[in-house]
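*Asks:* Here's a structure for you.
The values are calculated or read from the model by the stated rules, or taken from the named source; none is laboratory data. Source: prediction; values computed, not measured. Every residue, glycine among them, receives a Cβ derived from its backbone with ideal geometry; neighbour counts consider all protein chains shown.
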Amino acid sequence: MTLEIFLRYIHFVSIFAIVSSLVAEHLLLKKEMTPAEIKRLSKIDAVYGIAALTLLGAGLTLWLGEHGKPAAFYTNNWVFLLKVGLFTVVGLLSIYPTIFFLSKRKSSEEKIVIPAILVWMVRMELLLLFIIPLLAGLMAKSVGYLG
């Protein structure tokens, strides 16, 4: 029971870290940025990545481990599978911004133009992230359970 509570807490805190770091990225993005500003964004993006991996680890442990509800409760729920799918899409959308920030943080250019698609990818990540808690709430009430 204690391990389950700890895992759920880590899962929850990771969600806050993901959302807050992504909101920070969005707020700090400009059309043109200096390498120092990009470096700051890459540090925030690292927090985002660590939080996403922590969330994934805790989530998989809750799903597939012997903690809390049985794995079938999750596996046989299309709302849960949609939630996992959206989280996967968010992760895929985050690849390009991460690579861009890492590649430009030590640039010798005075100003770096931020591609518009990068801004839209961050916005799409945020949109999808705000749908996931709704799905989690539905899933907790067994909406979508096919078992």
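Each row is one residue, and each column tells you yes or no for (1) modelled with pLDDT under 95; (2) out of contact with any Phe, Trp or Tyr (no Cβ under 9 Å at 6 or more places or on another chain).
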| residue | (1), (2) |
| --- | --- |
| Glu4 | yes, yes |
| Tyr9 | no, yes |
| Lys31 | no, yes |
| Gly57 | no, yes |
| Leu62 | yes, no |
| Gly65 | yes, yes |
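*Asks:* Same structure, new question: Considering Val119, Val47, which residue is out of contact with any Lys or Arg (no Cβ under 7 Å at 6 or more places or on another chain), within 21 Å of Ala17 (Cβ to Cβ) and modelled with pLDDT of 95 or more?
*Replies:* Val47
*Asks:* I would also like to ask the following. What pairs can you find where one residue is in region 130-147 and surrounded by 13 or more Cβ atoms within 10 Å (Cβ to Cβ), the other is not in a helix (DSSP H, G or I), and their Cβ atoms are less than 6 Å apart, with a gap of 6+ or different chains?
*Replies:* Pairs found: Met139/Asn77; Gly144/Asn77; Tyr145/Asn77.
*Asks:* Residues that are surrounded by 14 or more Cβ atoms within 10 Å (Cβ to Cβ), touching an Asp or Glu at 6+ places or on another chain (Cβ under 6 Å) and touching a residue at least 40 places away in the same chain (Cβ under 8 Å), at least 3 per element: which helices (runs of 4 or more DSSP H) completely within region 1-106 meet that? It would help to see each step written out before you state the result.
*Replies:* Numbers: elements: 2-28, 35-64, 71-75, 78-93, 95-104.
Qualifying helices (runs of 4 or more DSSP H): none found.
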